[in-house]
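Below is one structure, written out as structure tokens; comments come after it.
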Amino acid sequence: MNQRKIIIAGVLLIVIVIVLAGSLFMIDETEQAIVTQLGKYVRTVAEPGLNFKVPFLQNVHKFEDRVLEYDAAAAPIITSDKKHLVIDNYARWKIVDPLRLYQTVRDEAGAQARLDDIVFSELREEVARHTLTEIVSVNREAIMEKVHKQCDEKAREYGVEVVDVRIKRADLPAEVARSVYERMKAERQRIAKQYRSEGEEEAVKIRAATDKEKVILLAESYRQSEKLKGEGDAEAIKIYADAFERDPEFYAFVRTLEAYGKSLRRDTTVVLPSDSEFFRYLSPQTK
Amino acid sequence: MAKVYYKQWEDEGIRAPFGPSIRFNWLWLKWIIPVLVLIWLLSGIYIVRPDEQGVVRRFGKAVRVAEPGPNYHLPRPIEQVDKVKVKQIRRMEIGFRTISPGPPARYKFRPEESLMLTGDEQIIDAQIIMQYQIQEPEKFLFNVRDLEMPQGALMDAAEVALRQVVGQRPIDDVLITEKLQIEIDIRELLQRIIDRYDSGVKIREVKLQTVRPPEEVAAAFSDVVSAKEDKDRLVKEAEGYSKDVLPKARGQAERIIREAEAYRAERIKRAEGDADRFLSVLKEYEKAKDVTRKRLYLETMERILPGIRKFVIDRDVGGNVLQFLPLEEGGEK
């Protein structure tokens, strides 16, 4: 009797466990799910936690409820100004309607494949409408916003929300990069030359200004010195005149004698008429 | 529920007719089951370290956040906990990876990450370090699948932000002038991007590491630097010339003026001297005019005549002086 009870209890326990296992399911914070009954959609479970379903009859299909990655391989795209760009873009997306996703593309991998088509074609289309400069610098944010909007619109069809589309890298192909390097080199050489010429210019200016200042300085000093000398001369003339004015005749006499002394040197030959004033004093008769 | 059954079995087991072996089994179970249950219950004890927060999930649903200290959650599979280091500043490198922090530190460069186009369509090599912190652990744990993975959301976003910000500026601004602003811009853009993913991460800082021209053009860039130095040198040399020449010129000018002043003074003094002398002589001359005059004259002649050749010619022959000249050839001096 007791033994049978124990067996019954054991069997009952096993049945309960099986039924519970078949009817309870856990949805994590990172998940969402749809419940189907014999292939027919019953409901969507968006909230995490413990959930019940009819065991055996109903199936649970779990999907990611996180932001998911999508990374395309880098691909060459031509811009509107006919330049080649190698664009490496990525997108982030989210499953917002698991039923639709399940119906249209079955699972995440299917959605990835579809995103690949959508994002790449939208991106290429949009990039082809803009110049390289716009893509690289001016408008990148706006262009990406537009691509994002369009991708999102199309992806909704598959129950997917595109959170973000971004150009990760927009690089020039190798051979173009080489010519860019050449251009950069030329540009730097130009700048270097400019610096050196500017230095030259500055230096010449400074030297010229210096020379000018020097000439002016010397000329000014010449002016002052000549003025000073003139003053000295004038003063001297005045002093001489004042003194000699007292007896001009005597001055002439003394000064003449002095001049004789200075001008008649040893080698000088003097020829004088015998009746000259000078001779008069030299001749013996006068003695 | 299990306990109820167990009690039932225990009661019946005591009265069971099977003998001591069964009874022993019951006793054994009597101890082992509570111990197992106890262990199971105790497995829910956990410690949250001071720099952490714990997020407790019950049947997969986040129900509470555990603060630092000892904590308890209902044992698995009912509840589980994820501990997140919320105080920790995490770090991510773009453009290079630290292989060993050294010293000396060794890095591996990732040109495919660090080479990018600037606003003036040039190419620059820029590397950044990004520091971030988990601000909302729940979001951090459950909202983005590949957040911290290599080539994951954070890294992608950082790369995008870096390239976008650098792409908006000419190369010289990136290389030299606007580093600080660039760091701020990258941080803000990066935050904006990851906020879209609701990632619960706060970007603390973005720091530009190496920013340099690509290897292919490095020589040309460094030549610009040396050209700049050349320019400075040329200017300095010219300034040196100026500093050398002008003081000398000023000295020279000063000298010229002083010389002129000296000349003036000399002229005046000499004139005064000459005048004084003349006046003194005149004073005495006026006392005995004729005698003095004659004496002066004779004294002068006396001084002069011994040294010079003298010819005295009568006025009658004076008209033809030349005929006498050869007579003097070799004559006494």
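In plain terms, the residue of A:Asp97, A:Asp164, B:Asp274 with the fewest other Cβ atoms within 10 Å comes first and the most crowded comes last, giving B:Asp274, A:Asp97, A:Asp164.
Computed over every Cα-Cα pair of segment A:68-172 and binned at 5 Å starting from 0, the pair-distance distribution P(r) comes out as 3, 14, 25, 23, 15, 10, 6, 3, 0 percent. The H on the amide N of B:Thr210, modeled in the peptide plane, is under 5 Å from the matching H of B:Gln127, each at least 5 residues off or on a different chain. Using a cutoff of 8 angstrom between alpha carbon atoms and counting only pairs six or more residues apart, the relative contact order for chain A works out to 13 percent. Largest mean-square fluctuation among B:Ile94, B:Ile124, B:Ile45, in a Gaussian network model of chain B whose springs join Cα atoms under 10 Å apart, belongs to B:Ile45.
Counting Cβ atoms of other protein chains within 10 Å of each Cβ in B:160-171 and taking the mean gives 4.
What ranking of B:Met130, B:Met149, A:Met26 emerges when the number of other C-beta atoms within 10 Å of each C-beta is taken as an exposure proxy, fewest first?
B:Met149, A:Met26, B:Met130
For the residues B:Arg204, B:Arg91, B:Arg250, a GNM of chain B with alpha-carbon springs under 10 Å puts the largest fluctuation on B:Arg250. Taking chain A as a Gaussian network of alpha-carbon nodes connected by springs under 10 Å, the highest mean-square fluctuation of the residues A:Phe56, A:Phe244, A:Phe25 belongs to A:Phe244. For segment B:225-246 and segment B:178-196, compute the distance between their C-alpha centroids and round to whole Å. That distance is 42 Å. About the centre of its Cα atoms, segment A:101-152 shows a dipole size close to 100 debye [charges on the beta carbon of Lys, Arg (+1) and Asp, Glu (-1) only; nearest 20 debye]. Of the residues B:Gln252, B:Ser226, B:Ser242, the one whose Cα sits farthest towards the positive end of the charge dipole of segment B:215-258 is B:Gln252 (charges of +1 on Lys and Arg Cβ, -1 on Asp and Glu Cβ, taken about the Cα centre). In this Cβ point-charge picture (+1 for Lys and Arg, -1 for Asp and Glu), chain A has a dipole of about 900 debye about its Cα centre. Only lysines eight or more places from A:Lys40 in sequence, or on another chain, were considered; those with a Cα closer than 17 Å are A:Lys53, A:Lys62. Computed over chain B, relative contact order equals 11 percent, with contacts defined as Cα pairs under 8 Å that lie 6+ residues apart.
With all pairs of different C-alpha atoms in the average, the Kirkwood value for the hydrodynamic radius of segment A:2-64 is 13.1 Å. Neighbour counts of other Cβ atoms within 10 Å put A:Lys53, B:Lys207 in the fewest-to-most order B:Lys207, A:Lys53. Taken over the C-alpha atoms, the protein assembly as shown has Rg and Dmax values of 57.7, 202 angstrom. Each principal axis of the Cα cloud of chain A was taken in turn, and the coordinate range along them, longest first, works out to 199, 54, 32 Å. Can you return the aspartates and glutamates within cross-link range of B:Lys61? Criterion is Cα-Cα under 14 Å, with same-chain partners fewer than 8 residues away left out. B:Lys61 reaches A:Asp28, A:Glu29, A:Glu31, A:Glu47, A:Asp65, B:Glu79, B:Asp82, B:Glu138.
Rounding to the nearest 20 debye, state how big the charge dipole of segment A:1-66 is about its Cα centre with +1 on each Lys and Arg Cβ and -1 on each Asp and Glu Cβ. Let's see the in-between values first.
Values: 7 positive and 6 negative charges, 105 e Å.
Computed about the Cα centre, the dipole is about 500 debye.
Every number here is computed from the coordinates shown, using simple stated rules; none is lab data. Here the structure is a predicted model, which is why all the values come from computation and not from measurement. For neighbour counting, all protein chains shown are included, and Cβ atoms are generated from backbone atoms with ideal geometry for every residue, glycine included.
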